[in-house]
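So the structure is just underneath, and the comments pick up after that.
The values are calculated or read from the model by the stated rules, or taken from the named source; none is laboratory data. Just so it is clear, the model here is predicted, and its values are computed rather than measured. Neighbour counts are summed over all protein chains in view; Cβ atoms, including those assigned to glycine, are modelled from backbone coordinates with ideal geometry. Note: accessible area is taken over every heavy atom of the protein model, side chains too, but ligands, DNA and RNA are not part of it. Shrake-Rupley method; radii C 1.70, N 1.55, O 1.52, S 1.80 Å.
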Amino acid sequence: MAGARAAIRYAKAVLSLASDQKSADAVNADMKLIADTISGSEDLNEALQSPIISSSVKKAVLLEVFKNTDKTTLGLIDTLVSNNRIDILRQVALKYSQLFDASKGIELATVTTAVALTADLKTKVLAKAKELSGKDVEIENIIDESILGGFILRIGDVQYNASIANQLNKLKREFTLN
């Protein structure tokens, strides 16, 4: 992944600066907004990646889209533009959120399901994930219809696969071995 190391460096620098200025929470909210906005807008993502669009136009667009953000976030955008690295803005935002969560002792758990989690089920999964990891956990729900049913819970490096597709594959392997 191009720019991953640079994204980590920028994210660490911004987290350090935001922590010193006591604005780390506000900047984290901005970073989540930036990552979600860029992920959700194919046009914005393509514009940021495009070598044809000038840096000044990219900066103007970003400052208009994210005009109500913290001054540290605006400084990051300005720095990335001046260093010709604005194409890694989404990666920096994602890394910042990961580093921020780690500094607060919060772990991200991904739950892959065939359908969206209900509020009640999300609460139960959150409680179980908290029990398993011993840390505060934030849940991200990924919908993948290919698992048919059940769920796949991933916390850090640990994965628990309780999907129907996984159970069917186990049965298939059992029958082919006998």
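A few notes on this one:
- Taking 21 Å as the limit for the C-alpha separation, the pairs LYS71/LYS95; LYS104/LYS135; LYS32/LYS104; LYS32/LYS124; LYS32/LYS67; LYS124/LYS172 exceed it in the case of LYS32/LYS124; LYS124/LYS172.
- The fraction of accessible area contributed by carbon and sulfur in the stretch 95-136 is 59 percent, rounded to a whole number (1.4 Å probe; ligands and nucleic acids excluded).
- Two-site FRET efficiency, ALA6 against GLU131, from Cβ-Cβ distance with R₀ of 30 Å, rounded to 0.05: 0.20
- Helical runs (DSSP H, four residues minimum) scored at -39500 (n - 2.57) apiece and divided by the length of the chain put the mean residue ellipticity at 222 nm at -19500 deg cm²/dmol.
- Between helix 89-103 and the chain: long-axis angle, C-alpha atoms, 0 to 90°, nearest 10: 70
- Additional length obtainable on full extension of the chain from LYS67 to ILE53, 0.36 nm per residue less Cα span: 3.0 nm
- Residue among LEU132, LEU168, LEU63 with the largest mean-square fluctuation in a Gaussian network model of the chain, springs linking Cα atoms under 10 Å: LEU168
- Modelled label positions at TYR160 and GLU46, each set 7 Å beyond Cα in the direction of Cβ, lie 4.2 nm from each other.
- 5 angstrom amide H check on PHE151, placed H, neighbours 5+ away: ALA162, SER163, ILE164
- Area accessible to solvent at ASP25, 1.4 Å probe radius, in Å²: 100
- Nearest-20 debye value, the stretch 41-86 charge dipole, Cβ charges on Lys, Arg, Asp, Glu: 220
- Mean Cα-pair separation over length for the stretch 11-130, i.e. relative contact order, pairs under 8 Å, 6 or more apart, %: 37
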